[in-house]
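This report refers to the structure that appears directly beneath it.
The values are calculated or read from the model by the stated rules, or taken from the named source; none is laboratory data. Note that this is a predicted model, so its numbers are computed, not measured. Positions of Cβ are generated from backbone atoms using ideal geometry, with glycine treated the same way; all protein chains shown enter the neighbour counts. Each accessible area value is taken on the protein alone, full model and side chains, heavy atoms only, with ligands, DNA and RNA left out. Shrake-Rupley method; radii C 1.70, N 1.55, O 1.52, S 1.80 Å.
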Amino acid sequence: MKNDFVLAISQLSAEKNLDQTKVFEAVEAAMASAYKKDELLYAEVEVKIDIATGDIDAWRVWEVREDEEIEDDELQVTPERAAEMGWSGQEPGALLREPLEASLDAGRIAAQTAKQVVLQRLREAEREAVYGEFTTKQGELVSGTVLRVEPGRRQVILDLGRAEAVLPASEQVRPEHYRVGQRLRVYIKEVYRASKGPQVVASRAHPELLRRLLELEVPEIAKGVVEIMGMSREPGFRSKIAVISRQHGVDPIGAVVGMRGARIQNVVNELGGERVDIIRWDPNETAFVANALSPAEIVSIRLEEDENTAFVAVPDKQLSLAIGKEGQNARLAAKLTGRRIEITAEGVLIRDGEDLYPPPEPNMEAIPIAAPVGLPTVDVTPAGPDYVQPGLPGERAAPEPVVEEPAALTPEQEVLAEFAEPAAEVTEPVAAEATPEVAEPEPADAPPEPEREPVAASAPSTATSGLRFAEEIGDLRDLDDEDDQRRQPARRARGRRRGPAQPDRGARPARRGSRRFEVDEDDIEEGLGDMFDDYEDEDEEYDDYS
């Protein structure tokens, strides 16, 4: 029985599309009103229903107050009376709850009262739900069905599903005719609370209706690639909208018109045949005013900023086209640009001898949205395993230096490393000591060797490595020249024995490559000379023998 009771309340909340908690509160208030009979007629009763089990608990509630603050004995008690009732030590402001019997033997009047309370609470909850739903839809486009049309077309009642909307005469389009059952797209202009519930005011003449229709039909407008910069509308007759492209390569007018005019034709059909002019917005005010008067051709335009007036001249044959039917084209252009426009024929200006000011070239390029000025650009580093936040968002702590461990050496490399000489370290240039020379036998008539100054070395010796610096190569050349001078008498003596003197070969170039095994060429020549002398002696002995 209890579960059936909870199930019935749940079904009621689902049918009314209401919160289940709100429905239980309404039933609890109805049962509390049913308890108020006989001695509880003026008492305050509180009822609580357990949603899980369906158990019903009821209490009579008193409020503890001081003796001089007592207003109703059925609702308020003093601390002394509370002590007599069994609640001793209660302070003023405390609430006392006396449990009541769970069984409720209510009569027909109590049941009818409970029913009325439930219906009233449900109606209030439903109104609040409708108000909250349509408040979020204010300024949006919704579809509705015409329920009834009052005589004289004073207002039209629309069915929007959970609520009814009113389309007043001021928000209707004059050329349109409404009939019962007709489907309409309307713009939610206002939502407010009334005595009969939330009141929704719809509109068919609001300029934002055209904007919402274009957003539905043109994806570029909905995404922000094409932006509507301004609109002016005379409902049911004609409208002008100024558009601009925010992305290079996108034609704003072509995007709104669509393939063969399919997109703009859907908007025109929804508006009942209302004519829609699409112009290109221009940051140059002069060019924008000239575009706003299209399809008329502008031959001269001059702006007066003090008077906020644009003086425009058009060809004589297009004067009526620029003004429009009953001044409609010029009026919409003035609303769109926010300026007063005076249109004159070209022939009148020429006859009066006034100057012509041709309009500037229109801007055909896209105008991207500029970045906000004054806001710093912060490069936020994406989070990762080594991401930390020391103080500012996106900061990354300096990573600790990674020490690379040396790779393990093979046995062969270990043996080679033991015999390898340590690499020379680059140090500050210091004065190196003179390298001792190996004593060589000198001839008796050789001139004394001049003392050489110590050579400043910029790096340690590289004899073992096979590399020489320029200074060392120069020192070697000097040593070679001195050796040549010392050995020159011995060469002349050998030359007299061998034959005519050979031409001097000059200074030998510096030897390159490794100097690990160095052999002096003079020693080689001396050895060859001795061998040549031995051969000559053998030839003489052979001649004597022969």
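List of remarks:
- Heavy-atom surface of segment 43-149, accessible at 1.4 Å and reported per residue (Å²): 63
- Whichever lysines have a C-alpha closer than 20 Å to that of Lys36, once near sequence neighbours (fewer than 8 apart) are set aside: Lys48, Lys115
- Positive contributions from Lys and Arg (+1) and negative ones from Asp and Glu (-1), summed over other residues with Cβ under 14 Å from the Cβ of Lys317, come out at -3.
- Euclidean distance of C-alpha centroids, segment 237-296 and segment 110-156, integer Å: 39
- Overall form of segment 171-315 per C-alpha gyration tensor (a/c, 1.5; a/b vs b/c): prolate
- Summing charges over all other residues whose Cβ lies under 9 Å from the Cβ of Ala333, with Lys and Arg as +1 and Asp and Glu as -1, gives +4.
- Flagged links, alpha-carbon separation over 23 Å, of Lys16/Lys189; Lys137/Lys223; Lys189/Lys335: Lys16/Lys189
- Glu304 contributes an accessible area of around 60 Å² to the protein surface, as traced by a 1.4 Å probe with all chains present.
- When only alpha carbons are used to place a centre, segment 63-99 and segment 11-29 end up 34 Å from one another.
- Model label points for Arg185 and Asn269, set 7 angstrom from Cα along the Cα-to-Cβ axis, are 1.1 nm apart.
- Anisotropy class of segment 229-384 from Cα gyration tensor, a/c 1.5 cut: oblate
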